[in-house]
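Visitor: Sharing a structure, written as structure tokens. Questions coming.
The values are calculated or read from the model by the stated rules, or taken from the named source; none is laboratory data. These figures come from a predicted structure and were not determined experimentally. Virtual Cβ from ideal backbone geometry, glycine too; neighbours counted across all protein chains shown.
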Amino acid sequence: MRAARGVWQRDRMSSFLLNVNLDCANPYRLAEFWCEVVGRPMDPDLGPDDEETWVEMPSPPNLYFQRVPEPKVVKNRVHVCLVPDVPREDEVERLVGLGASVVGDHRTDDGRGWVVLGDPEGNEFCVLRSNAERAAIGDPTV
């Protein structure tokens, strides 16, 4: 793939991202949390005893949860970053109320930065500033 004026063009075979996979002890319970985070439903045919479940997004990647026997022990090597529709602080408060925990706070005095949260099983994810917050100060960065 190559960029031409900011648009990616395929000039050879490539792959697309279908799922972001989260290993976990309880796929159903963790999927319920993420359904609330992203405002998407879980497949109604999936249940608490299933070894895997997923949250289908409007377009890929989907969130996929798979039961594994071992607990999470180190920092994620891959994580998702969320851009909320509401101010970052409001979204962080909402997510903590759903069961997330604050892992790291990288907000700066000028409003930039992000907050690292852990989901109920400790998988890290970031909450960035909303598009409106970035546009209000003419800054497209996080």
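Visitor: Is it the case, given these coordinates, that T108 is among the polar types (S, T, N, Q) and in the same structural domain as V142 (by TED's automatic domain parsing)? Break it down stepwise before answering.
Guide: On the way: among the polar types (S, T, N, Q): yes; in the same structural domain as V142 (by TED's automatic domain parsing): yes.
In short, yes.
Visitor: What are the pairs, 6+ residues apart or on separate chains, where a residue within the stretch 14-34 that is in the same structural domain as W54 (by TED's automatic domain parsing) has its Cβ under 7 Å from a residue that is in a helix (DSSP H, G or I) and modelled with pLDDT of 95 or more?
Guide: If the second residue must be in a helix (DSSP H, G or I) and modelled with pLDDT of 95 or more, the pairs left are L22/L30; C24/L30; F33/L98.
Visitor: Which one of these does E124 not meet: (1) among the charged types (D, E, K, R); (2) surrounded by fewer than 16 Cβ atoms within 10 Å (Cβ to Cβ); (3) within 12 Å of the chain's Cα centre (by Cα)?
Guide: Unmet condition: (2).
Visitor: Would you say A135 is at pLDDT below 95 and assigned to a helix (DSSP H, G or I)?
Guide: Spelling it out, A135 is indeed at pLDDT below 95 and assigned to a helix (DSSP H, G or I).
Visitor: Among all residue pairs at least 6 apart or on different chains, which show Cβ distances below 7 Å where the first residue, located in the stretch 79-94, is among the β-branched types (V, I, T) and the second is surrounded by 15 or more Cβ atoms within 10 Å (Cβ to Cβ) and in a loop (DSSP other than H, G, I, E, B)?
Guide: V83/L128; V83/S130; V86/S130
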